[in-house]
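What follows is a short report on a single structure.
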Amino acid sequence: MKDKRLQKLGELHRKHKDIITLMPLQTGGLLTEAAKKALIEFGDGYSVCDFCEGNLSNIANPPVREFVHELLPEFLGCDVAAVTHGAREAKFMIMHSLAGHGDSIIVDGNRHYTTIVAAERAGLNVVEVPSSGYPEFTIDVNQYEPLVEKHHPRMILLTYPDGNYGNIPDAKRLGEIAQDHDVPFILNGAYAVGRMPVNMNELGADFIIGSSHKSMASAGPCGVLGMKKRWEEVVLRKSEAYSNKELELLGCTVRGVPLVTLMASFPYVVERVHDWDGQVLKAQWFSSEIEKLGFKQLGEKPHRHDLLYFETAMLYEISKHVRERGYFLYKELKDRGIWGPQPGLTRAFKLSTFAASREQLSFVLDSFKSILSKYS
């Protein structure tokens, strides 16, 4: 092949394969063996649509209908479920369906940026409940109530947990507030659904959102959306011109690899959430051990999630005096077979202990010790 640019495309490979993964965006999305087989089996374009009769969620072979209408609602603790192109798309679907231009939405100060982008696209005014600030950045959901009374929002949203510090706010209490004021409550569980037990109805939410590629062992982009029955005809309303096509899904949702890998991994995901207590203990142990090196964990303590945020002043000081600058840490960890902090970050970074064993995490701790010793 003469064109080297085309040759590169034909020889794609992943640099971070077969190493210890601590990257929060990836630890909950690593594919199961069943999903890898499904990826190959259904990798050809619209292969999942071979037996579609006009509505993707009603395909019987592969068993999309059973998954979407039975298994997924049971897992999410909701009445009605749908598969979306991602968590951000699910947020926009709800906002666009329930609210009008100029309406207000109240969100937590730890919200993901896509919450703001979705609200902006839907023409909503955003009111934020501030966090407690440094060092824990917690959200007191009771602060929603006076803002609800003042702004009369069309809906409220809580990030559970947030994607920076891994804090888990009191969603059940916010559900009570939402019901008292009859305001729809969206629970953004992108880092919860598929990692930890979470039930929409038990928490008093109207909607629950998950990220399949972040937390449900699926190829992406892909997400899940659960809701109360009362919202089905609003959010999943059909086109007037094409009666079997949902408007907010633009007729069809995820087709092909993301959907079938989500389905193939689902039995494993259903089982693994029962080990959540073990995951939390592992994260707490790792946090306490790495703090002995001089790192500082921000966010709630004791921590209740696998996503951890650390301040690392000594690594930042090292970066000021080495040739690679902020990239020295990425290089040192890569040489040891560890993928975690994003390249260039040394002052502070996020890690997730979800996919690593205690033995692997012990190796990570020893690696940080070795790096600090090398540059001391």
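Taken together, the values in this text are just the output of simple stated rules run on the coordinates, not laboratory data. Computed from a predicted model, the values in this text were never measured in an experiment. When we count neighbours, we look across all protein chains shown, and the Cβ atoms used for this are built from the backbone with ideal geometry, even at glycine.
Some values worked out for this structure:
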quantity	calculated
Candidates 86, 28, 294, ranked by Gaussian network fluctuation over the chain, Cα under 10 Å, top entry	294
Cross-link table 296/331; 91/229; 172/350, entries beyond 20 Å C-alpha to C-alpha	296/331; 172/350
Per-residue [θ]222 nm for the chain (sum of -39500 (n - 2.57) over DSSP H runs n ≥ 4, rounded to 500)	-10500 deg cm²/dmol
Range of Cα positions in the stretch 283-345 per principal axis (Å), largest first	37, 23, 16
Where only C-alpha atoms are counted, convex hull volume of the stretch 127-279 per residue in Å³	135
Gyration tensor (Cα) of the stretch 236-376, equivalent ellipsoid semi-axes in angstrom	40, 20, 14
Cα-Cα pairs of the stretch 94-155 separated by more than 18 Å (percent)	36
Between helix 87-98 and the chain: long-axis angle, C-alpha atoms, 0 to 90°, nearest 10	30
Estimated FRET transfer efficiency (residue 268, residue 113; beta-carbon r; R0 22 Å; 0.05)	0.15
Proximal lysines to residue 36, defined as alpha-carbon separation beneath 25 angstrom and excluding residues fewer than eight positions away on the same chain	8, 15, 17, 214, 334
Principal axis box of the stretch 175-220, alpha-carbon based, largest edge first, Å	38, 17, 11
Calculated log₁₀ intensity ratio I(q)/I(0) where the Debye formula runs over C-alpha points of the stretch 316-376, q = 0.19, 0.24, 0.26, 0.29 Å⁻¹	-0.69, -1.07, -1.23, -1.42
Spherically averaged projected area in nm², based on the convex hull that wraps the Cα atoms of the stretch 39-186	10.9
Förster radius 56 Å - calculated FRET efficiency between residue 238 and residue 30 (Cβ-Cβ, nearest 0.05)	0.95
Cubic angstrom per residue, convex hull over Cα atoms of the stretch 215-258	82
Using a Förster distance of 56 Å, the FRET efficiency for residue 176-residue 37 (Cβ separation, nearest 0.05)	0.80
Once exposed loop trypsin sites (Lys or Arg not before Pro) are cut out (DSSP; at most 10 other Cβ, 10 Å), longest piece of the chain	18-291
Partnerless Cys - the chain, beta-carbon criterion under 4.7 Å	78, 222, 252
Most mobile of 180, 162, 277 in a GNM of the chain (Cα contacts under 10 Å)	180
GNM flexibility winner over the chain from 11, 324, 332 (Cα, springs under 10 Å)	11
Amide N of the stretch 91-107 lying under 18 Å from the label point, which is placed 7 angstrom from the Cα of residue 250 along Cα→Cβ	91-97
Spatial extent of the chain: Rg and Dmax, with the Cα atoms as the point set, Å	21.8, 69
